[in-house]
Amino acid sequence: MKRLVNSPSLVVADEVNDAIRDGRPVVSLETTIVVHGLPRPQNLEVAAQCEAAVRAAGAVPATIGLLDGRVVVGLSVDELDRLAQPQRASAKLSSRDLGLAIALGRDGATTVAGTIALASRVGIEVMATGGLGGVHRDAARTFDESNDLTTLSRTPVLVVASGVKSILDVAATLERLDTLGVPVLGYRTDRFPGFYRADSGYALDWSVDGPAAAAAAFTAHRDFAATGMLLANPVAAEFELDAELHDAALASALALADASGARGKDVTPVLLGEFARFSAGSSVATNRALVVANAALAGEVAVALAAKRP
Ligand code: PSU
Ligand code: MN
């Protein structure tokens, strides 16, 4: 597929476009975490911190979203502010929603799935987020499994995340990643991270100890497979949510999600919102620390990938 640059349905910011064209490092960032995952006003602060972390690593940030039915790769501060205005009621866009939101002229924030689908279309190979979506705890009954998994299985992008959210069925998610052929690489750990906690309780088969090794692993993976890859970066110990508080908040969030009758794409925002309320903002501080750290690491890996390019 030819790389998309500019068209009536898509615009790539000049800085991002120049970097991609010249083979310089670029990191894509999602907007669902900003619009539906974190409370105001921290959400816009976190977005700015993520961009700054990518830049500090020597890469160009490309925050992705849809405004008035046009994909913007490299949203400006003003554009992101507009997208996050509550009165705009921006949609949550997974990969299947992109064409429809374009055709219908909608505003929308992209999930991991929506973001990597667009990133790979414009030639960006690295993405950072907080936690990848996965298999929900009641999936055997509801069939609720994030499209992040299937999209990652057919999109050759490296996603840096702190594992999957503890609101999910972690074991089932790891099994699905195996089935789908998506490798999971621990960053300086042999434990699968648990988002708010550094260790989900599950072991990993593979780990690396630096950005260059992570870049080498992704490069070698792509020689043999068309799937993406998950680089699992645990939250730093000083930002972990207290274990007891975590378990109590989780129980409350799961109960509320059940009682509220939330379905489909509303489930994850309801769970994250209750975590924030129950923990009086502690979960937001943890989420913030981990996503900014993931953006920084993604920048370092993107730099290492660019250095390997001929
Ligand atoms: N990471 C966070 N907060 C979030 C998300 C990730 O720290 O809100 C978002 C991502 O956009 C991810 C989405 O793709 O949650 C998963 O939603 P769902 O379970 O509906 O697929
Ligand atoms: Mn879902």
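At-a-glance table
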{"read-out": "Every pair of residues 6+ apart whose Cβ atoms lie under 6 Å, when the first sits in region 177-191 and is more than 15 Å from Ala217 (Cα to Cα) while the second is of a type in the set (D, E, K, R) and surrounded by 14 or more Cβ atoms within 10 Å (Cβ to Cβ)", "value": "Arg191/Asp199"}
{"read-out": "Any hit, region 81-94, residues being in contact with a Ser or Thr (Cβ under 8 Å, 6 or more places away or on another chain), over 22 Å from Asp266 (Cα atoms) and not charged (D, E, K, R)", "value": "no"}
{"read-out": "Among (1) surrounded by 24 or more Cβ atoms within 10 Å (Cβ to Cβ); (2) of a type in the set (A, V, I, L, M, F, W, C); (3) part of a helix (DSSP H, G or I), the one test that Ala62 misses", "value": "(3)"}
{"read-out": "Qualifying residue in region 115-126 (condition: near ligand 1 (Cβ under 10 Å from one of its atoms), within 18 Å of Asp266 (Cβ to Cβ) and not in a strand (DSSP E or B))", "value": "no"}
{"read-out": "Residue within region 272-285 that is over 27 Å from Glu145 (Cβ atoms) and in a helix (DSSP H, G or I) present", "value": "yes"}
{"read-out": "Matching option when the condition is in contact with a Gly (Cβ under 9 Å, 6 or more places away or on another chain) and within 16 Å of ligand 1 (Cβ to nearest atom), among Leu230, Leu254, Leu250, Leu241", "value": "Leu230"}
{"read-out": "Tally of residues being within 12 Å of ligand 2 (Cβ to nearest atom), charged (D, E, K, R) and not in a strand (DSSP E or B) across region 127-160", "value": "4"}
{"read-out": "Some residue of region 173-187 being assigned to a loop (DSSP other than H, G, I, E, B), open to solvent by less than 20 Å² (accessible area, probe 1.4 Å) and either within 23 Å of Pro25 (Cβ to Cβ) or among the small types (Gly, Ala, Ser) (or both)", "value": "yes"}
{"read-out": "Residue under evaluation Glu145, criteria (1) in contact with a His (Cβ under 8 Å, 6 or more places away or on another chain); (2) open to solvent by less than 20 Å² (accessible area, probe 1.4 Å), criterion not met", "value": "(2)"}
{"read-out": "Whichever residue in region 277-288 is open to solvent by less than 20 Å² (accessible area, probe 1.4 Å) and within 13 Å of ligand 1 (Cβ to nearest atom) and, among such residues, is farthest from Glu45 (Cα to Cα)", "value": "Ser283"}
{"read-out": "Residue under evaluation Ala262, criteria (1) within 16 Å of ligand 2 (Cβ to nearest atom); (2) in a helix (DSSP H, G or I), criterion not met", "value": "(2)"}
{"read-out": "Any hit, region 134-141, residues being surrounded by fewer than 21 Cβ atoms within 10 Å (Cβ to Cβ), over 16 Å from the mean Cα position of the chain (by Cα) and among the hydrophobic types (A, V, I, L, M, F, W, C)", "value": "yes"}
{"read-out": "The listed residue being within 12 Å of the chain's Cα centre (by Cα), at pLDDT 95 or above and over 14 Å from Gly264 (Cβ atoms), out of Thr110, Thr150", "value": "Thr110"}
{"read-out": "The one condition in (1) buried (at least 23 other Cβ atoms within 10 Å of the Cβ); (2) among the charged types (D, E, K, R); (3) under 24 Å from Leu241 (Cβ atoms) that Glu125 fails to fulfil", "value": "(3)"}
{"read-out": "Test for Thr268: is it polar (S, T, N, Q), open to solvent by less than 50 Å² (accessible area, probe 1.4 Å) and within 15 Å of ligand 2 (Cβ to nearest atom)", "value": "yes"}
{"read-out": "Identity of the residue in region 161-172, surrounded by 18 or more Cβ atoms within 10 Å (Cβ to Cβ) and small (Gly, Ala, Ser), that ends up farthest from ligand 2 (Cβ to nearest atom)", "value": "Ser162"}
{"read-out": "Hey, Ala236 among the small types (Gly, Ala, Ser), in contact with a Leu (Cβ under 9 Å, 6 or more places away or on another chain) and more than 13 Å from ligand 1 (Cβ to nearest atom) or not", "value": "yes"}
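To keep it simple, each residue is scored yes or no on (1) in a helix (DSSP H, G or I); (2) without any contact (Cβ under 8 Å) to a residue 60 or more places away in the chain; (3) open to solvent by 10 Å² or more (accessible area, probe 1.4 Å).
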| position | (1), (2), (3) |
| --- | --- |
| Ile20 | yes, no, yes |
| Val27 | no, no, no |
| Val35 | yes, no, yes |
| Ala48 | yes, yes, yes |
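Residues are listed down the side, and each one gets a yes or a no for (1) within 15 Å of ligand 1 (Cβ to nearest atom); (2) open to solvent by 20 Å² or more (accessible area, probe 1.4 Å); (3) at pLDDT 95 or above:
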position: Asp258; (1), (2), (3): no, yes, no
position: Gly261; (1), (2), (3): no, yes, no
position: Ala298; (1), (2), (3): yes, no, yes
position: Ala307; (1), (2), (3): no, yes, yes
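The values are calculated or read from the model by the stated rules, or taken from the named source; none is laboratory data. Not measured: the values here are computed from a predicted model. Cβ atoms come from the backbone with ideal geometry, glycine included; neighbour counts cover every protein chain shown. Keep in mind that these areas ignore ligands, DNA and RNA; they rest on the heavy atoms of the full protein, side chains included. Shrake-Rupley method; radii C 1.70, N 1.55, O 1.52, S 1.80 Å.
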